[in-house]
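One structure below.
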Amino acid sequence: MKQSRIWIVFVMAAMLMTACSSGPTKEQSENAERAIETAHKQRDYDKLLTLADSLEKNGCLSQAEAYYWRGYASDRLKMYRMAEFYWKTALEACEGSTEPEDLKIYAMTASRMANLLSVRGNYEGTLKIGEPAAKRLEELQCDTTSDYVNLLIYIGCCQSATGKAEGDAGDGFNRAFKKHKENIEKNHTESAYKNAIAGLINIAYFCNYTKDYQRAMRWIENFGEMINEYEQRPDADKKYIDKQIARFNIYKAIALEGQGKKEEAAAAFEDFKATEFSKTPEGKIQGNDYLAAAERWDEAVDNYHSLNELLDTQKKSMTLDDIHDLLLKKYEANLQAGRRDSAARVSMQVCDSLNNALALAKKLDAAEQATIVENVETVTEQHAREARMKQMWLFGALILLFLGFVVYVYYQRHADRQLKKDHEELKKECARLEEKASSKEREQTELRLAHSLNSSAKAAEAHLPKDITAYAQLIPTSTFGTSICDYHTIGDKLFFCIGDVAGNSVEASMAAAMAKAQFRTASMLHTEPQQIVEAISESRNWNEPVTMFAGVMDMTSRMLRFYNAGHDAPVMVGQEITRLEDVSGEIEMAKGTMIYLFNKGVLTAENKDHKQYGENKMLGAALQAMKTDARPEPFVVSIEENLNKFTGDTQQERDIMMLAIRC
């Protein structure tokens, strides 16, 4: 089946290369650029996504360009996980290229990615991507663009936040400021000045935001000097100058207030109020950053009267960030000013806005998840060969087996401790959510955690001899995954298990993940299935009941020892199909014999009429699969297809797990 898919992809790629071998014409490329630029200027981000898809298919956009614009549109639509995924893919696509267009996209993507991560507070992630990207652009002499300089500023912010700054203002800040000055001296254009001013705004704002007021004053002074230089130009934009002078004074007032220089801060604020920008809704809201710091709450409340006008101008739905940055500050200002009736009205507005914002966040999260899943397979297939080579090298490192065993045991114990720690943190987080969010949002948070835990439910592939094959399949539920399945080899023995945890909750998902981890650890210490199951039972620290079938097969003699702890009896497939009903025992796996194991989700799967799949349908499907192809993968896939035909689009309450092992 995999070979068929590879062949189909190869044929389609060959057809596409033949159809587009001449590449897009100059006119087509120019039309593509105009279409992208138009959607960009019009802020039509849904159209921008559609254009990126279509223009990549007809060859007018490279893969890196298409993924950059998808990431840009997703970021503007506040689908940040999707934007991060697209931008990471764009960076990978042009990582090894030295073509000018690819380097341009590389710089743009690295800058956007660094901004996204730094704004979300992921400073270490920003440095991990930003510093190597900046170094590469410098080595290739592509360090004169505004994207490169912005990247340096984001690096400086993260260096400062993580305590890795060098010198008085951070290595990234100094390098960025130096590049801006070099660009002004070389070009002396309006855009060069505005780029430098924008960079200094980001630096000054970040220093104030992190309460590094002494460092902020230095960069605010540089900001003021740059405004003065720009103001001397005959073509200087007076409205733009007024706005920047207002920002200069408000940043200065905040920094001085933070240093306890209240009179100087108040004077700077008066200079801010003398600007036209301070009278606009946006200016009034920015002025409140100082008024709140100076505890001038009555003035802050008066300024917040312009908040609704500002939101109407922006024409957008309120996000959780807007609620945090605007409405909650408005509430605090009214409360501190003693205007309790107004504070109560604002609190109602916060509740209404929070409900809408949570619904929007849920919708965006679902859309992001669906799109990422659709794209991951495509990206994964592009790197499949490289991944397979890495796996071969990994499995070939037999000389490190003993060391790997020690590390693995340590890792399992560490994972158990981490799971317990995460469990406790989850309880605390749930308690916090119960106070601040709706019960529906809490359920969604639990589901996301359960899906993360259940991602390890499917057994990892084991290194088996050629005459023994195995195949495991997981059909996840939309709620909580509670199945257990694993198989692996130690020496000449194959250890495997399948099981279920009762319940439908985060705790049940946690128990399933811990049971699988403990199966691995127990199989390192015991060779008898009953001892393994008992070891798991003795060491478990959860309340949910667990059923499990465990087996150990000697791959040389083909003798299988098994123990069933309350789980559904597996099916033996040979000349005929039988159920292995015994609780424990030992059987010989003759050549051509297969054991088929399944969890409760197979038998309880329901269709739209609430009828269960049941044992008879399962055995009938197994019999048909045996006659068609008795190898593990075709056998399991055949049963899965029969099961899907029965259930249709009906959402299942339990996940479905199947495992087949054949000698």
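Below, the figures for the structure above:
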item	result
Residues being exposed (fewer than 14 other Cβ atoms within 10 Å of the Cβ), modelled with pLDDT of 95 or more and either aliphatic (A, V, I, L, M) or under 43 Å from the mean Cα position of the chain (by Cα) (or both) - total across the stretch 585-610	0
Single residue of the stretch 620-656 satisfying the filter (of a type in the set (Lys, Arg) and in a loop (DSSP other than H, G, I, E, B)) that is farthest from ALA472 (Cα to Cα)	ARG654
Matching residues, the stretch 177-224, being of a type in the set (A, V, I, L, M), surrounded by fewer than 19 Cβ atoms within 10 Å (Cβ to Cβ) and either farther than 22 Å from ASN115 by Cα or in contact with a Leu (Cβ under 9 Å, 6 or more places away or on another chain) (or both)	ILE184
Residue in the stretch 554-561 that is in contact with a helix residue (DSSP H, G or I) (Cβ under 8 Å, 6 or more places away or on another chain) and modelled with pLDDT of 95 or more present	yes
Selected residue (only one of ASP568, ASP582 is open to solvent by less than 50 Å² (accessible area, probe 1.4 Å), of a type in the set (Asp, Glu) and in a loop (DSSP other than H, G, I, E, B))	ASP568
Yes/no for PHE519 being within 30 Å of TYR410 (Cβ to Cβ), touching a residue at least 12 places away in the same chain (Cβ under 8 Å) and not in a strand (DSSP E or B)	yes
Residue tally, condition part of a helix (DSSP H, G or I), in contact (Cβ under 8 Å) with a residue 12 or more places away in the chain and of a type in the set (Asp, Glu), over the stretch 183-238	2
Cross-chain or 6+ apart pairs with Cβ under 8 Å, the stretch 159-182 first and at pLDDT below 75, then open to solvent by 50 Å² or more (accessible area, probe 1.4 Å)	GLY167/ASN174; ASP168/ARG218; ALA169/ARG218
Hits in the stretch 299-319 - residues which are modelled with pLDDT of 70 or more and open to solvent by 80 Å² or more (accessible area, probe 1.4 Å)	HIS305
Leading residue by the ranking (nearest to PHE496 (Cα to Cα)) among those in the stretch 553-565 that are crowded, with 19+ Cβ neighbours inside 10 Å and among the aliphatic types (A, V, I, L, M)	MET553
Filtered residues of the stretch 611-622 (kept if open to solvent by 80 Å² or more (accessible area, probe 1.4 Å) and either in contact (Cβ under 8 Å) with a residue 12 or more places away in the chain or closer than 20 Å to GLU534 by Cα (or both))	GLU615, LYS617
Count of the stretch 633-654 residues which are closer than 18 Å to GLU615 by Cβ and surrounded by 15 or more Cβ atoms within 10 Å (Cβ to Cβ)	11
Cβ-Cβ under 6 Å pairs, at least 6 apart or on other chains, the stretch 245-273 side open to solvent by 50 Å² or more (accessible area, probe 1.4 Å), far side part of a helix (DSSP H, G or I) and polar (S, T, N, Q)	ASP271/ASN249
Qualifying positions in the stretch 480-516 - in a strand (DSSP E or B), closer than 15 Å to LYS600 by Cβ and in contact with a helix residue (DSSP H, G or I) (Cβ under 8 Å, 6 or more places away or on another chain)	SER483, ILE484, CYS485, CYS497, GLY499, ASP500, VAL501
Residue within the stretch 536-552 that is among the basic types (Lys, Arg) and more than 22 Å from LEU401 (Cβ to Cβ) present	yes
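The values are calculated or read from the model by the stated rules, or taken from the named source; none is laboratory data. Treat the numbers as computed from the prediction; the structure is a model and nothing was measured. Virtual Cβ from ideal backbone geometry, glycine too; neighbours counted across all protein chains shown. Note: accessible area is taken over every heavy atom of the protein model, side chains too, but ligands, DNA and RNA are not part of it. Shrake-Rupley method; radii C 1.70, N 1.55, O 1.52, S 1.80 Å.
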